[in-house]
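What follows is a set of notes on a single structure, which appears directly below.
Coordinate-derived values only; no laboratory data. Remember, predicted model here, so these are calculated numbers, not experimental data. Every residue, glycine among them, receives a Cβ derived from its backbone with ideal geometry; neighbour counts consider all protein chains shown.
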Amino acid sequence: MPWSDAPAALDLGGRLVVTGAFGWAGLAKLADLASLRATLYLSRLTRPWVPQLSAGLPALELFLALALLGSRAGWFAAAASAALLVAFIAYLSLDSSTAQGCACFGARTSTSRRAGIVRDLLLLAALAPALARGPSAPRPGVPPAAEPWALAAAALLVAAVVRSGLGRSGRPARRSRRRSGRRRAGVAAVAEPVATRPAVPFDVVALDGTRLRLTELAARTGGVVLVFAEPGCVLCEELLPALAPRGDVVVLAAALDPAEVDRWAGGHGLLPSRVAADVDGALADSYGVPANPAACRVDGTGLLVDATGVPVARLSVGAEAITALLPLP
C-alpha cells in the first residue's frame, strides 16, 4: 500500500499518537502506584476494585499501546482504545472525586478535569481515521503473519513490566527534598513555590481519658500522623494492623457514638491513648477528608508534610499511600 495514501497515513498517525499516550500513561502509573491507588480510593465507583484496577489499568494501556501497531489487530485495538477513552471521559465528567484533578500520566503531570476530558477527546479524534476505515482495510503496521507472535511477546513484556512495577510499590520511594532554588553560574538562586497547607488545630479526649492536642503531638520528633477512619470501613480495618503498635499515629474515628469507637479500637488492638472519637466526622470535615481511610503528617510547624518532611497540600488516601506516609518504626 503506498505511503502517500492520505487515509492510511492518517490511520497510522492517529494510532501512533495513541500508542505514545497509552504507553506513557501506563508506565507513569506503574512508576507511582501509590498515587494511582489513592486516586482510585477517592471514587466510590472504583474503591471496591482498587487492587484489580491498580494492576489491570496500566497493563491494559500498555497492551493496547503495542497492539495498535498491528496491521490487522490495529483496528480492534483502536476500537478497544476508543471504548477505554469513552470510559475515561465519562469518569472525569460524572464522578465528583475527579474535581481534584486527573493524574492520568502520573502525579507529576496532574491536570484539571477539563484538561483531561479535552485530551481524551483529542485522542478519540486521532483514532477516528482508523475506526472509519474498518477492520478489513489494508493498513501499515506489523504484518499479519507476525502479529500472533508480536502480540504474545507484547503480553509477556507487559506482564513483566507490571510485575516489576507492583513489586516496587511496597517500598516507599526515596524522595529528595525540593530544592529551594536553582543555581547556575553567575545567576542567583530563584525560590520555587512550594504548596503548603496548615493543619487544623484540635484538642480532643482520647479513649483512655487523656487529652490529644495537635500542638503537643506535632512537637514530637518527626511530628505526628493523623489517620481518619471509621468503624465498619473494611479498607480502614485492613490498615489497622500497621497502626496498632505505633505511638506516633493518632487515629480519629468518625462515629455518632464514642462507645462504638471504644469497642472498635479495642477489637483491633489500637492504643487507647492514641485513638479519639471524631463525633459525626467533624474533624474529618475540617480537614476535607475525601474518603476513608485518609491520613496526613503534621510537622512541628503545624504544616502537612510527606514522609521526608516536604510540605504537601493534599491528604494521603488509601492503605498503601498511608503506609508510605509512615516512617520506619
> Under the Karplus relation 6.51 cos²θ - 1.76 cosθ + 1.60, θ = phi - 60°, what is the ordered set of whole-Hz ³J(HN,Hα) values for region 240-247, x standing for Gly and Pro?
Replying inline: 4, x, 6, 9, 3, x, 8, x
>> Between residue 115 and residue 76, what's the calculated FRET efficiency when r is the beta-carbon distance and R0 is 30 Å? Round to 0.05.
In response: 0.55
> Among residues other than residue 284 whose Cβ falls under 14 Å from its Cβ, what is the net charge (Lys/Arg +1, Asp/Glu -1)?
Replying inline: -4
> Tell me, what ³J(HN,Hα) does each residue in region 271-282 have, in order and in whole Hz, if you take phi through Karplus 6.51 cos²θ - 1.76 cosθ + 1.60 with θ = phi - 60° and put x for Gly and Pro?
Replying inline: 5, x, 6, 10, 10, 9, 7, 8, 4, 6, x, 5
>> Show me the ranking of peptides 118-129, 150-161 by mean Cβ neighbours inside 10 Å, starting with the highest.
In response: 118-129, 150-161
> So between residue 273 and residue 49, what do we pick up on full extension, going 0.36 nm a residue minus the alpha carbon distance?
Replying inline: 77.3 nm
> Which order, highest average first, do 202-210, 271-279 follow once you tally other Cβ atoms within 10 Å for each residue and take the mean per peptide?
Replying inline: 271-279, 202-210
